[in-house]
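**Q** Right, I'll just put the structure down here and ask away after.
The values are calculated or read from the model by the stated rules, or taken from the named source; none is laboratory data. This is a predicted model, so every value here is computed, not measured. Cβ: placed from backbone, ideal geometry, glycine included. Neighbour counts: every protein chain shown. Keep in mind that these areas ignore ligands, DNA and RNA; they rest on the heavy atoms of the full protein, side chains included. Shrake-Rupley method; radii C 1.70, N 1.55, O 1.52, S 1.80 Å.
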Amino acid sequence: MEAESTSHNHVYEHKFNSKKYLDTFYAVDPNTQEIDKESMFTLTFMNDVFSSGRVKGKTFIEIGAGPCIYNTLSACERFQKIYLTDYFQGNLDEIKKWLNGENEAFDWSPYLRFVCDLENNGSTPKEKEEKIRRAVSLMTCDVTLSNPLQPNALPLSDCVLSASCLICACKTFADFKMGLKNIVSLVKPGGHLIMTDYLGASHYSVGEENFSLLSLNEDIVREAVAESGCKIEEFQTFKDLEIAEEVFDCKSLFCLLAQKL
């Protein structure tokens, strides 16, 4: 999951620790170096979407990337330019450490290896790292704004992704629907929306800090996507989550692909 906040939720600015978040949700067993089943599901979904050739183009925007490069691992093969955005500057600073190859940056190599094995095209993790570093730019965002990239602006994008952003940023279903409409406003007609998020979750913890979440169900998600002007092409769910309930009380994860009409 990727952490996100908005102008009405300043708790992230004061209490969120990006490095501790990565260690909590993305660190792997140092002996096996195996990623968790949830990540396998999500990264396989992303690989299937991008390797199909249906979703490609010039620009890819992730809204609410948190401190993660996770969702660029397959997208970098299909897009010339990738914009990773987040409300919290600390998350963007954490990504910048990895982009700059700093020693204290989070180690994404187990995830890179997994995606390279999925793609099976001879690309090495090192080559994929360099491709991502060449493609990525960082930018702030706020999903409560009609232009979430304000004060910046970009041409309408071929694909926009929202991963575990809106349940962190939104307090009500109305907020969720409006936030999704704001995100979809960045997509060109005929372009694609990708969402990954959680159903039935009310909170997650990072260290001693607890963060509230908007508890969604599938009907609300489908309704919001339709009202945003998109048609769902794929909707997959995953329930075999391995994280302790006291850390994250999610019931299931979903991934969807939709096209803007």
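**Q** Kindly indicate whether any position in the range 74-83 is among the acidic types (Asp, Glu), surrounded by fewer than 16 Cβ atoms within 10 Å (Cβ to Cβ) and in a loop (DSSP other than H, G, I, E, B).
**A** no
**Q** Right, another one. Residue check, TYR12 against (1) at pLDDT 95 or above; (2) in a helix (DSSP H, G or I), all met but one. Which one?
**A** (1)
**Q** Do the conditions hold for PHE50, that is, is it of a type in the set (Phe, Trp, Tyr), touching a helix residue (DSSP H, G or I) at 6+ places or on another chain (Cβ under 7 Å), open to solvent by less than 40 Å² (accessible area, probe 1.4 Å) and closer than 23 Å to LEU180 by Cβ?
**A** Against the criterion (of a type in the set (Phe, Trp, Tyr), touching a helix residue (DSSP H, G or I) at 6+ places or on another chain (Cβ under 7 Å), open to solvent by less than 40 Å² (accessible area, probe 1.4 Å) and closer than 23 Å to LEU180 by Cβ), PHE50 qualifies.
**Q** Modelled with pLDDT of 95 or more, in a helix (DSSP H, G or I) and of a type in the set (A, V, I, L, M) - does that describe any residue in the range 50-71?
**A** Looking for residues that are modelled with pLDDT of 95 or more, in a helix (DSSP H, G or I) and of a type in the set (A, V, I, L, M), one finds none in the range 50-71, hence no.
**Q** Return the only residue of LYS131, LYS126 being at pLDDT 95 or above, farther than 26 Å from LEU193 by Cα and out of contact with any strand residue (DSSP E or B) (no Cβ under 9 Å at 6 or more places or on another chain).
**A** Checking each option against the conditions leaves just LYS126.
**Q** Let me ask another. With open to solvent by less than 20 Å² (accessible area, probe 1.4 Å), over 20 Å from ASP197 (Cα atoms) and not in a helix (DSSP H, G or I) as the only criterion, which of LEU149, LEU138 stands out?
**A** Just a single option satisfies the conditions, and that option is LEU149.
**Q** Quick check on the range 88-101. Is at least one of its residues of a type in the set (Asp, Glu), closer than 25 Å to ILE183 by Cβ and open to solvent by less than 40 Å² (accessible area, probe 1.4 Å)?
**A** yes
**Q** Give all pairs with beta carbons closer than 8 Å in which a residue from the range 128-141 that is touching a residue at least 40 places away in the same chain (Cβ under 8 Å) meets a residue that is of a type in the set (Ser, Thr, Tyr) and open to solvent by less than 30 Å² (accessible area, probe 1.4 Å); count only pairs at least 6 apart in sequence or on separate chains.
**A** Correct list of pairs: ILE132/THR72; ALA135/THR72; VAL136/THR72; LEU138/THR85; MET139/THR85; THR140/THR85; CYS141/THR85.
**Q** If we scan the range 17-31, do we find a residue that is open to solvent by 10 Å² or more (accessible area, probe 1.4 Å), among the polar types (S, T, N, Q) and within 23 Å of ARG134 (Cβ to Cβ)?
**A** There is no residue in the range 17-31 that is open to solvent by 10 Å² or more (accessible area, probe 1.4 Å), among the polar types (S, T, N, Q) and within 23 Å of ARG134 (Cβ to Cβ).
**Q** I've got another one for you. Look at LYS58 and say whether it is within 25 Å of CYS116 (Cβ to Cβ), among the basic types (Lys, Arg) and within 17 Å of the chain's Cα centre (by Cα).
**A** Spelling it out, it is not the case that LYS58 is within 25 Å of CYS116 (Cβ to Cβ), among the basic types (Lys, Arg) and within 17 Å of the chain's Cα centre (by Cα).
**Q** Among the residues of the range 53-63, write down those that are more than 12 Å from VAL136 (Cα to Cα) and in contact with a strand residue (DSSP E or B) (Cβ under 6 Å, 6 or more places away or on another chain).
**A** Within the range 53-63, VAL55, GLY57, LYS58, ILE63 meet the criteria.
**Q** What number of residues in the range 111-131 are surrounded by fewer than 19 Cβ atoms within 10 Å (Cβ to Cβ) and either in a loop (DSSP other than H, G, I, E, B) or under 18 Å from the mean Cα position of the chain (by Cα) (or both)?
**A** Number of matching residues: 5.
**Q** Residues in the range 152-163 that are assigned to a strand (DSSP E or B) and surrounded by fewer than 24 Cβ atoms within 10 Å (Cβ to Cβ): how many?
**A** Counting residues in the range 152-163 that are assigned to a strand (DSSP E or B) and surrounded by fewer than 24 Cβ atoms within 10 Å (Cβ to Cβ) gives 3.
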